[in-house]
1. Name the one entry in ARG117, ARG104, ARG134 that is basic (Lys, Arg) and either at pLDDT below 95 or within 13 Å of the chain's Cα centre (by Cα) (or both).
2. Check GLN18 against each of (1) more than 21 Å from LYS99 (Cα to Cα); (2) within 8 Å of the ligand (Cβ to nearest atom) and name the one condition it does not meet.
3. Quick test of your reading of the structure: ILE84 fulfils all but one of (1) over 15 Å from the mean Cα position of the chain (by Cα); (2) free of Cβ contacts under 8 Å to residues at least 60 places away in the same chain. Name the failing condition by number.
4. Here are the criteria: (1) in contact (Cβ under 8 Å) with a residue 12 or more places away in the chain; (2) near the ligand (Cβ under 10 Å from one of its atoms). Tell me which single one PRO11 does not satisfy.
5. I want to confirm something. Restricting to the range 21-48 and keeping residues that are β-branched (Val, Ile, Thr) and free of Cβ contacts under 8 Å to residues at least 24 places away in the same chain, which single residue is farthest from the ligand (Cβ to nearest atom)?
6. If you check every pair at least six apart or on different chains, which have Cβ atoms under 8 Å apart with a residue in the range 49-64 that is more than 22 Å from PRO9 (Cβ to Cβ) and without any contact (Cβ under 8 Å) to a residue 12 or more places away in the chain first and a residue that is in a loop (DSSP other than H, G, I, E, B) and open to solvent by less than 20 Å² (accessible area, probe 1.4 Å) second?
7. Scan the range 58-117 for residues that are away from the ligand (no atom under 15 Å from the Cβ) and charged (D, E, K, R) and jot them down.
Amino acid sequence: MPLTGEYAPSPDKWSREQAELFERTNGAEGNEMQGKPIIVLTTLGAKSGKIRKTPLMRVEHDGEYLVVASKGGAPEHPTWYHNIVNAPLVELQDGPVRKDYTPRELSGEEREVWWERAVEAWPAYADYAEKTDRVIPVFLLTPV
Ligand SMILES: C[C@H](OP(=O)(O)OC[C@@H](O)[C@@H](O)[C@@H](O)Cn1c2nc(=O)[nH]c(=O)c-2cc2ccc(O)cc21)C(=O)N[C@@H](CCC(=O)N[C@@H](CCC(=O)O)C(=O)O)C(=O)O
């Protein structure tokens with residue numbers, strides 16, 4: 001059952017425009033970042049209850065996805081982190097396919113395995129981790 005509510009565009013022009021182009025073309029355009037594939041995560045605002053759309057790097061394995069709250073290695077988590085922590089359900093669109101997922105924050109050994117996959121998909125994640133003292137949260141998204 002897709003998330004419903006009023007869409008609230010991100011104030012960040014770059015990611016807003018990429019998410020909107022990606023959705024407008026059903027994943028045919030705006031689907032890469034420097035030649036690497038992206039997905040669009042839809043969450044419900046933890047405070048606003050509005051629909052938030054966030055382009056993220058695509059990290060997939062056997063039908064499950066990892067989303068990485070890196071925000072380029074900024075000292076603080078991205079705000080969508082609070083939405084996902086607060087939400088029992090998120091939506092992810094990969095190309096033309098949009099599905100519901102249950103998010104679970106990873107730690108320990110499981111996080112290590114998926115972190116490797118994330119760095120393979122987008123090597124800059126390793127640089128972001130060097131840049132900040134915070135542990136970059138990662139969430140495993142399992143199809144509902
Ligand atoms: C600018 C800010 O965005 P953010 O949620 O902090 O997310 C920052 C970035 O992670 C986000 O811009 C990503 O899309 C950037 N980004 C990636 N960001 C990543 O963290 N990881 C990635 O892998 C990644 C890849 C990527 C690829 C392409 C691209 O264009 C952007 C990419 C934002 O939208 N702020 C809103 C609030 C958004 C929000 O969700 N508010 C909640 C409240 C949340 C709370 O409780 O604080 C609500 O509505 O209730 C605002 O200020 O109005």
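1. Exactly one residue qualifies, and that residue is ARG104.
2. Status for GLN18: all satisfied but (1).
3. So ILE84 meets the others, but not (1).
4. (1)
5. In this case the residue turns out to be THR25.
6. Short answer, once both residue conditions are applied: none.
7. Passing the criteria: ASP62, GLU64, ARG98, LYS99, ASP100, ARG104, GLU109, GLU110, ARG111, GLU112, GLU116.
The values are calculated or read from the model by the stated rules, or taken from the named source; none is laboratory data. All figures in this text were calculated on a predicted structure; none of them were measured in a lab. All Cβ positions, even for glycine, are placed from backbone atoms using ideal geometry, and neighbour counts span all protein chains on display. Surface accessibility is based on the protein's heavy atoms, side chains included, excluding ligands, DNA and RNA. Shrake-Rupley method; radii C 1.70, N 1.55, O 1.52, S 1.80 Å.
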